[in-house]
């Protein structure tokens, strides 16, 4: 293989890896947003229940 072929091989490998990283990062961000919203909704509901319990106890 010539030197130019190796350069082209590593360029394709580099750009392919960067592209795959970008796709996976976007996927994790998009899927994580729903999980974070669910977590905050659960925490808010738990806080509200605790507030109600403390008001009932007084």
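Nothing in this text is a laboratory measurement; each read-out follows from the coordinates by a stated rule. Every value quoted in this text rests on a predicted model; they were computed, and no experiment measured them.
Side notes on the structure shown:
- Nearest 10 degrees, 0 to 90: helix 3-57 Cα axis against the chain principal axis: 0
- Mean ellipticity per residue at 222 nm, deg cm²/dmol - from DSSP H runs of n ≥ 4 across the chain, formula -39500 (n - 2.57): -35500 deg cm²/dmol
- Structure-derived Cα Rg over 2.2 N^0.38 Å - corresponding label in [x] 2.42; [y] 1.35; [z] 1.24: [x]
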